[in-house]
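Remarks on the structure that follows.
The values are calculated or read from the model by the stated rules, or taken from the named source; none is laboratory data. What you see is a predicted model; the values in this text were computed from it and never measured. Backbone-built Cβ (ideal geometry, glycine too); neighbour counts: all protein chains shown.
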Amino acid sequence: MAIQKVMIVGAGQMGSGIAQVCAQAGFDVKLNDMQEEFFQRGIGVITKNLQRDVEKGRKSEAEKEEILQRISMSLDLKDATDADLVIEAATENMDIKQSIFKELDRIAPSHAILATNTSSLPITEIAAVTKRPEKVIGMHFMNPVPVMKLVEIIRGLATTDEVYETVENMTHKLSKTPVEVNDFPGFISNRILLPMINEAIYALYEGVASKEAIDDVMKLGMNHPMGPLTLADFIGLDTCLSIMEILHDGLGDSKYRPCPLLRKYVAAGWLGRKTGRGFYIYE
Ligand code: CAA
C-alpha cells in the first residue's frame, strides 16, 4: 500500500519531530493538536531546526520553504478523513490514547494504518478499541527525532505482515532504520535503557558515587553520548518512572522496581529539563 498523506496527532516534541521528518521525505503532513498555540509551538521548533540546516548549508532556503509548505495545521481529528497513515504522538496515557484511536477508527478511511508513537503502552490494548486491530502498529521514534536513526516498529498481536511491511518501507523513506519488535512491556528500547537509568539512580541513592561521576563513567568509559542521569533529565523523570512502573507491573520481576529517589524527585515536581530541575539544574 502506498502512503502519501500522513496525519500526526500531537504537536509536542515528538509529534513535531515526526512531522518534520515526514515532510522532509516528501509526504503531505497534517499536524494535529487541540489548540492553535500548540500547533504554532510545534511548527516554530520545526522552522528553527530547518533554519539551522540552511545555515549549515545542508538545505537551501527554497527546500526549507517547500518542507514547511507540506505541513498544514489541523485542530480536529475529523481531518483524518483522507489520511493513509496516522501517527499518534499524544500524551502517554492509555485512556487518552484509546479515545483518540476510537475516534480515528471512525473517521479515517478503511485502508488507513493507525500507528502510535507510545514508548511503552501496549499496542495490542490500544488496537483492541478499534475495529481494525490488524492495521494498528507501534512506530516508536527516539528523541530528538530529526537526529536519531532508529524507529522501533512494534507489532500488536493482530498486526498483519502487509501493514508491518508498509510501515517498514515508510520508515526507510524517512531515512531511518526500522527494527522489528513484538508487543511486550517496554518493547526493546525501554526494556534495556530504563533499567540502566534506574540502576544509575540507585547508585546515586546508595551513595556509590556523585551524579557527575556516574555520568562520566558511562560517557567516557562506554562512549554513551549522555550519561544516564543527564539522559533521564532529557527524557523526563515522570516518563522514566512511568516506564519503570509498566516494566514492573507487566513483567512482575522485582529487578524492575523504580528507585525511591526517582519517585521522590517526581513527587517534588523535579521532572528534568522540562521543569528546569531534575538531577541537574537547568537555566
Ligand atoms: N532537534 C534537532 N536537532 C538536534 C536537536 C533537537 N532537539 N538536538 C541536537 N540536534 C542536532 C544539532 O543541531 C547537531 O547537529 P549538527 O551538528 O549537524 O548541526 C547535532 O544534533 C548534535 O548536537 P549538539 O552538537 O548540540 O550536541 P551533541 O553532540 O551532544 O548531541 C544529542 C545531542 C544528539 C541529543 C546527543 O547528546 C545524544 O545522542 N544523546 C542521547 C539521545 C538519546 O539517547 N535519545 C533517546 C532517548 S530515549 C527515547 O527517546 C525513547 C523513549 O521512549 C524514552
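Worth pointing out:
- Pairing residues of the range 216-232 that are more than 10 Å from the ligand (Cβ to nearest atom) with residues that are not in a helix (DSSP H, G or I), at Cβ distances under 6 Å and at least 6 apart in sequence or on separate chains, gives Met218/His224; Met218/Gly227; Leu229/Phe279.
- Residue in the range 253-268 that is of a type in the set (Lys, Arg), within 21 Å of Phe187 (Cα to Cα), away from the ligand (no atom under 12 Å from the Cβ) and surrounded by fewer than 21 Cβ atoms within 10 Å (Cβ to Cβ) present: yes
- The one condition from (1) within 16 Å of the ligand (Cβ to nearest atom); (2) more than 13 Å from Ser120 (Cα to Cα); (3) in contact (Cβ under 8 Å) with a residue 60 or more places away in the chain that Lys211 does not meet is (1).
- Search result, residues across the range 190-221 that are assigned to a loop (DSSP other than H, G, I, E, B) and surrounded by 13 or more Cβ atoms within 10 Å (Cβ to Cβ): Ala209
- Pairs where the first residue, in the range 233-254, is farther than 18 Å from Gly269 by Cα and the second is among the small types (Gly, Ala, Ser) and more than 11 Å from the ligand (Cβ to nearest atom), C-beta under 9 Å, 6+ apart: His248/Ser254
- For first residues located in the range 255-283 and closer than 12 Å to Ile197 by Cβ, partners that are part of a loop (DSSP other than H, G, I, E, B) and lie 6+ apart or on another chain with Cβ distances below 8 Å form the pairs Gly272/Gly236; Gly272/Gly278; Gly272/Phe279; Gly278/Trp270; Gly278/Leu271.
- Across the range 9-30, the number of residues qualifying as closer than 12 Å to Met73 by Cβ, away from the ligand (no atom under 16 Å from the Cβ) and not charged (D, E, K, R) comes to 1.
- All told, Pro185 meets the bar of being modelled with pLDDT of 95 or more, surrounded by 14 or more Cβ atoms within 10 Å (Cβ to Cβ) and in contact with a Lys or Arg (Cβ under 8 Å, 6 or more places away or on another chain).
- Within the range 258-283, restricting attention to residues that are outside any helix (DSSP H, G or I) and of a type in the set (A, V, I, L, M, F, W, C), the residue that is farthest from Ser242 (Cα to Cα) is Ile281.
- Sub-7 Å Cβ pairs linking a first residue in the range 170-193 that is over 28 Å from His248 (Cβ atoms) and touching a residue at least 24 places away in the same chain (Cβ under 8 Å) to a second residue that is among the polar types (S, T, N, Q) and buried (at least 18 other Cβ atoms within 10 Å of the Cβ), at least 6 apart or interchain, are Pro178/Thr171, ordered by first then second residue.
Residues are listed down the side, and each one gets a yes or a no for (1) assigned by TED's automatic domain parsing to the domain that holds Ala80; (2) over 14 Å from Asn143 (Cβ atoms); (3) out of contact with any strand residue (DSSP E or B) (no Cβ under 8 Å at 6 or more places or on another chain); (4) crowded, with 22+ Cβ neighbours inside 10 Å:
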site: Ala11; (1), (2), (3), (4): yes, yes, no, yes
site: Ser16; (1), (2), (3), (4): yes, no, no, yes
site: Ala25; (1), (2), (3), (4): yes, yes, yes, no
site: Asp28; (1), (2), (3), (4): yes, yes, no, no
site: Leu31; (1), (2), (3), (4): yes, yes, no, yes
site: Gln35; (1), (2), (3), (4): yes, yes, yes, no
site: Phe38; (1), (2), (3), (4): yes, yes, yes, no
site: Val45; (1), (2), (3), (4): yes, no, yes, no
site: Gln51; (1), (2), (3), (4): yes, yes, yes, no
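- Number of the exception - Glu88 against (1) in contact (Cβ under 8 Å) with a residue 40 or more places away in the chain; (2) exposed (fewer than 15 other Cβ atoms within 10 Å of the Cβ); (3) within 26 Å of His248 (Cα to Cα): (2)
- Consider the range 35-53 and keep the residues that are in contact (Cβ under 8 Å) with a residue 24 or more places away in the chain and within 11 Å of the ligand (Cβ to nearest atom). The one that is farthest from Gly17 (Cα to Cα) is Leu50.
- Among (1) on the phi > 0 side of the Ramachandran plot; (2) at pLDDT below 95, the one test that Ser175 misses: (2)
- Among (1) touching a Cys at 6+ places or on another chain (Cβ under 6 Å); (2) part of a loop (DSSP other than H, G, I, E, B), the one test that His224 misses: (1)
- Qualifying residue in the range 74-85 (condition: of a type in the set (Val, Ile, Thr) and crowded, with 23+ Cβ neighbours inside 10 Å): no
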